[in-house]
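Colleague: I'd like to ask some things about the structure below.
No value in this document is a laboratory result; all are computed from the given coordinates. If you're wondering where the values come from, they're calculated on a predicted model, not measured in any experiment. Here the Cβ is made from the backbone with ideal geometry for all residues, glycine too, and neighbour counts use every protein chain on show.
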Amino acid sequence: MNINEIKPNPNNPRIIKDDKFKKLVKSIQEFPQMLELRPIVIDENNIVLGGNMRLKACIEAGLQEVPVKKASDLTEEQKKEFIIKDNIGYGEWDWDDLANNWEVEDITEWGLDIPNFKANELDYSILDESDVIDQMNDMANSVRKAIQIEFEPEHYEEAQELVKFWREQKLYIGAFLVEKLKEEKEKL
């Protein structure tokens, strides 16, 4: 759709500013296929329901046309609900997976904020694994941390399945485990 036909939503409750906005513009310029995979959602009046900041970034990037998905059959209440739900981040980052399987420079360039972390502050060549973990924990105080719990071989598979099950139930396992451990400690 011609970008001039799309109307920004005046009641958009979510904004992206400054450096994050610049990263969004850059990501659209470098990876425009992303827009095909995640088009801007508009209503029957061409008002944005999902992607207000992407539209703004597309304008900044100089695009003339953008992919859209038209949601014509929504009630006003459903439109409001969609706007909020589209902007809620339901998931959580698996920081261990990010640290072990992704390049920090890439994910920060792509827009992920890693609080209190600067990749060039670590000299991995002189650290063993436990030192790296300690260093990362020290630099990311506001980030959820992971601990390792050892299991005997006969309990490992069951523990792994239980953790997976409770994560799927949206249980914050860390708080649950701490409470259970406190309860058992008080019994002693």
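Colleague: Search the structure for amide H atoms under 5 Å from the amide H of K7, placed 1.01 Å from N in the peptide plane, and list their residues when 5 or more places away or on another chain.
Modeller: For K7, whose amide H was placed from the backbone, the distant partners under 5 Å are I47, V48.
Colleague: Under a Cβ-Cβ cut-off of 14 Å, what is the net charge of the residues other than I3 that fall near it, where Lys and Arg count +1 and Asp and Glu count -1?
Modeller: Net local charge, I3 excluded: 0.
Colleague: Does the range 3-87 come out rounded, prolate or oblate by the C-alpha gyration tensor, with a ≥ b ≥ c the root eigenvalues, rounded set by a/c under 1.5 and, if not, prolate when a/b is larger than b/c and oblate if not?
Modeller: Judged from the Cα gyration tensor, the range 3-87 comes out prolate (a/c at least 1.5, a/b above b/c).
Colleague: If you don't mind, another one. Would you mind checking K26/K69; K17/K69; K85/K185; K20/K80 for any pair whose Cα atoms are more than 29 angstrom apart?
Modeller: Among K26/K69; K17/K69; K85/K185; K20/K80, the Cα-Cα distance tops 29 Å for K85/K185.
Colleague: Mind ordering 93-102, 50-59 by average Cβ neighbours within 10 Å, highest first?
Modeller: In decreasing order of mean packing, 93-102, 50-59 become 50-59, 93-102.
Colleague: Just flag the trypsin sites (Lys or Arg not before Pro) in the range 155-187 sitting in loop per DSSP whose Cβ has no more than 10 other Cβ atoms within 10 Å.
Modeller: K170
Colleague: Within the range 146-187, which GluC sites (Glu not before Pro) sit in a loop by DSSP and count at most 14 neighbouring Cβ atoms inside 10 Å?
Modeller: Sparse-neighbourhood loop GluC sites (Glu not before Pro): E150.
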